[in-house]
Structure formats: C-alpha cells, structure tokens
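Let me begin by presenting the structure, written as structure tokens, before commenting on it.
Quick note: the coordinates plus some simple rules give every number you see, no bench work behind them. Owing to the predicted nature of the structure, the values given are computational and were not obtained by experimental measurement. Here the Cβ positions follow ideal geometry from the backbone for every residue, glycine too, while neighbour counts run over all protein chains shown.
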Amino acid sequence: MSDTNEYRNEEGGGAIHPTSGLAREAEEATGINAMSCYQCGKCSAGCPLFGITDLIPHDLMRCIQLGLEDRVLRSRHIWLCVGCETCNTRCPNQIDIPRLMDYMRKRAMEKGVEAAEPGISAFHNSFLKTVKHNGRLSELGMMRDYKMKTGEYFKDFKLGMALFKRGKIKLFSRKAGRRDVRAIFERRGK
Amino acid sequence: MKLAYYPGCSGHGTGRELDESTRDLCDRLGIELQELDDWNCCGASSAHSIDEGLGVALAARNLAIADKTGLDVMTPCSACFARLAGARKHVLEHGAPEGVEDVTGQSKVFHVLDLFGNEEFVEHFHGKVQKPLAGLTLACYYGCLTNRPPEVTGKDNPENPREMETLLEAAGAETVDWPLKTVCCGGSLTLSRDEIVGQLCGNLFDMARQAGAQALVTGCPMCFMNLDRQWGAANEQGIEALPVLYFTELMLYAIDPSRGRSLFKHHLSDPTQLFSERGLP
C-alpha cells in the first residue's frame, strides 16, 4: 500500500450524494462526489498555490457543496491550478480535485464566464491551436500566437533569443497525424 | 529488450537534451527503441485543462499506434507519461474514446525513470561507469507527474521517490535529503504567470542549497525549462541559484564524459564551473 493511502476510506467517503445544484451536476458529469469532502484541509496544506491563489482547494470544495457557482467559476484558482495532483494524492476521501477543476473550467467557458486569469486561458488556446494545426506542438508557433492574443510582444523576447541560440527553438516544427488530430478536435467541437 | 518510444513534442525542442541523452543511454545499455510512427501531441498541459475528453482522445491515438507494435511504450517526459498512462487507465476502465476506436490499452506505459530505476538495471549501469561523479552533491527533483497520482503512475512511494538518488549514487555522486523533491515548480504557468513560477522555483533553489546541494537534477522537461530559466532571473536578483541538469545527462556523462558534456551547451544555466572545480573534465 502506498504511504498516502493508509487513511483513505475505500468506500469513497460515505453515502451522502448531492441531490441538486452545482455539486449534483458536477457528479453527473465527472462521477466525483464533492459532498464527500469533510473539510480536513489536507489538500490546501499541500497546495503549491497556498498564499498565491484566491480560493484554496478546501474552500473551493466548500463553495461547490454550497452551490456558490459564481464564486467558483469567477475564481482565479480554477485557472491557476496546474494539476500538480498533490491534493487528490493526499485526500483521505479520494476526491479527484484536479478533475473537478477541469470540469469547472470547462463549465465557466461554456457559460461564457470571463476567465479571471485571461493570460492562462489565452495560453491554453494558443497551445491547442498549434496542436490542431500541426498534430504536434510548435513551441515557436504557440509563443507567437500567445503574444498576439495578449499583446505582450517583447516580454519574453530575450528568453526566446537565448533558447533559439542554444538550438532549443526550431523555426520549422515537425508535423504528424494532422488529419486524425483535426478530426479528434472537430469531434469534440473544438 | 525492445520498447516503443514516445519522445513528446518537447523532445524535439526545449527538452532536446533529455531526448538525446535517453536515446544514447538506451543504445549503450542494450535497450532498443522504436519511435512510434506518426505520433501526435499527447495534449499536455492544455487539452485536459480545456476539455477532458479531448485530452484522453489525443493521448489515446498514440496508445493505438503503440498497440499495433505489440511493444510497451516508454517516454522521457513526465507530462506525456501522465497523459498517456491516464488515457490508458481511462481506456481500460471505460473503453475506447470516440474517434480512436482501435485503441485497446494493451501496451503498457513507462516513464524513463521506471525503466532505469529498476534494481537490475542500476547494477548494469553501474558496471558501465567510466568516470564517477565524485565530489558532486546533488538534489534530485522529481516534480509532480512521474509520481502523482499513484492510481495513474502505479508508484508505491509518491511522496518520497528514490530512483534518481539510486542511479546517481551508482554514478558516484552524493545526493541530499530534502523536503521539496515532489513540490510543483509552477508547470505550464511559464509564459502566462512567470512571477509565480519564479516564486516556486526560488523556494526550490533555496531549499536545495540549504540542504547542501551544488546542483538540481530533474527528469522532467517542464521542470527543467522553468528552473533553467529562473537560474538567470535568480542570479540577477542576487540569489545564488544552482545549475540544473537532467539525470540522464549525468548518467551519460559518467559513461562517456565528452558526450555528456556536449549537451550542456543547450542549457541556460552553466554547470561547467562546478564540474571543473571538482576535477571533472
């Protein structure tokens, strides 16, 4: 058994399931029961964004339980979370919090809620645009698109040049599997 | 031993030292790699952040290609490993995603550290060491995705992994015990929120130095990129940052110093002074 699992309830935290609201819809979409959080705070204690983000993980779980949808979808945290997987690795009730973040981010976009961290949202979109086009990530293409979206043309210019000189950024990236990849994007409506 | 190989997009760009040293080590240590034909981006880090189903399908297309080879697949990138292993778990539990109907999940997914960290392999590698890394004291930094979550990675000890320490000690280096070896560097916030990455990497440098390390060693191209970049920023702020190296570069160096050293020219941080001070060519 792993060193983090010994306190886990293998039943998944009891039989209380949400019957309405945000937590119910999240469970229907992801199979993750937000009501099984009993606010121990272990997730927040290990969160690398503690002291940086606006809603630490167990606060965010409480907001989901209480149906405070606006607070969740307008939070910076759903965008700042990079999915380091510390919270779910340590959660005694095995709640997959990073997958809930993925769901909340998607929900915010579907509801047209403006991202509280527009730069991070722009980064993801620039990344996926080059992958859809090339089948693989073009690091230069992604950076160029991101700079166009954010207007920060010169912010990382020095870094870009340093990486180029060291042979790490290629002017022409390799392409592969373009037809299949494009079909996968289109099937997902992206 | 023969494995299918997935270099990942960074393997052809910002993470080229990791890809080149992994291929070279496998060649010297009798592991045959067959690069997956026509592989695509696994979607890390953005696809699952925007649409979980897109992330699974992009990774699954590569698994379907691996299935056809009849080989297990190995990748040197932590993020690719997490996406491929996560997609395989999804396929085994819920079936093939839409649009990638031919994936079976029969090919297992390994990270390069799973392969090299194996006890028998460490001994095999130890026998090939020509130039022990004597005098180097290293902090091994694993980051997030080679170990977490254990349901995906299959790791027994996700809070305190030891594979890198074992390998580098077999190469003759000393390693330090330190508490931040699996704490996040800021990952994909590099471009969009570099001040957060700076703060998190600053903590890593600071703690590694306090533990007595002379360099940070990682196996993840994203961690490397963030730390290597922050090396310059930290130096400008008067914080004494440590050079950053891939564990595979150091293994290669121990077998063939001139080949190992040839990869350092791609780094932003400079380990050459550290090496020459310790009489390492």
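Observations, loosely collected:
- Per-residue mean of C-beta atoms belonging to partner chains within 10 Å, peptide A:163-170: 5
- Around the Cα centre of chain A, unit charges on the Cβ atoms of Lys, Arg, Asp and Glu (plus for the first two, minus for the last two) sum to a dipole of about 1580 debye.
- Inter-label distance, nm, simple model (7 Å from Cα along the C-beta direction), A:Arg71/B:Asp206: 3.1
- The range B:159-178 residues near the modelled B:Val129 label - backbone nitrogen below 18 Å, point 7 Å along Cα→Cβ: B:162-177
- Unmatched cysteines, chain A - criterion: no other Cβ of a Cys under 4.7 angstrom: A:Cys37, A:Cys40, A:Cys47, A:Cys63, A:Cys81, A:Cys91
- GNM remark for chain B: springs join alpha carbons under 10 Å apart, and the peak mean-square fluctuation among B:Gly43, B:Gly55, B:Gly127 falls on B:Gly127.
- Counting only other chain Cβ atoms within 10 Å of each residue's Cβ, the peptide B:250-260 averages 0.
- Rounded to the nearest 10 degrees, the inclination of helix B:52-69 to the longest alpha-carbon principal axis of chain B is 90 degrees.
- Exposure proxy ranking, count of Cβ atoms within 10 Å, fewest first, for B:Ile196, B:Ile239: B:Ile239, B:Ile196
- Average partner coverage of B:199-208, which counts Cβ from other chains inside 10 Å: 1
- Straight-line cross-link partners of B:Lys155 among the lysines, defined as a Cα under 28 Å from its Cα and at least 8 positions apart when in the same chain: A:Lys42, B:Lys2, B:Lys68, B:Lys89, B:Lys108, B:Lys128, B:Lys181.
- Length gained when the stretch B:Ser258-B:Asp102 is fully extended (0.36 nm per residue, less Cα-Cα span): 51.7 nm
- Structure-based [θ]222 nm, chain A - -39500 (n - 2.57) summed over DSSP H runs of at least 4, per residue, nearest 500: -15000 deg cm²/dmol
- Look at the alpha carbon pairs under 8 Å that are at least 6 residues apart: their mean separation over the length of the range B:65-206 gives a relative contact order of 22 percent.
- Average silhouette area of chain B, convex hull of alpha-carbon atoms, in square nanometres: 13.8
- Between 0 and 90°, nearest 10: helix B:16-28 axis offset from chain B longest Cα axis: 80
- Each of B:Thr22, B:Thr137, B:Thr272, B:Thr175 was scored by other Cβ atoms within 10 Å of its Cβ. Arranged with the fewest first, they read B:Thr272, B:Thr137, B:Thr175, B:Thr22.
- Order of A:Ile184, A:Ile32 under a 10 Å beta carbon neighbour criterion, fewest first: A:Ile32, A:Ile184
- Under a Gaussian network description of chain B, with springs only between Cα atoms under 10 Å, the residue in B:Leu54, B:Leu242, B:Leu189 that fluctuates furthest is B:Leu189.
- GNM top mover of A:Asp96, A:Asp180, A:Asp70 - chain A, alpha-carbon springs below 10 Å: A:Asp180
- Distance between the modelled labels on A:Arg144 and B:Asp37, one decimal in nanometres: 3.1 nm (7 Å Cα→Cβ projection).
- Length-normalised contact order of chain B in % [C-alpha pairs under 8 Å, at least 6 apart]: 18
- Expected-Rg normalisation [2.2 N^0.38 Å, Cα atoms] applied to the range B:133-281: 1.00
- Mean separation of Cα contacts under 8 Å (6+ apart) over length of the range A:78-190, as relative contact order %: 23
- With the charge dipole of the range B:118-157 set up from +1 on Lys and Arg Cβ and -1 on Asp and Glu Cβ about the Cα centre, the Cα lying farthest toward the positive end among the listed residues B:Gln130, B:Asn147, B:Asn118 is that of B:Gln130.
- Tilt relative to chain A, helix A:139-150 - C-alpha long axis, 0 to 90 degrees, to 10: 70
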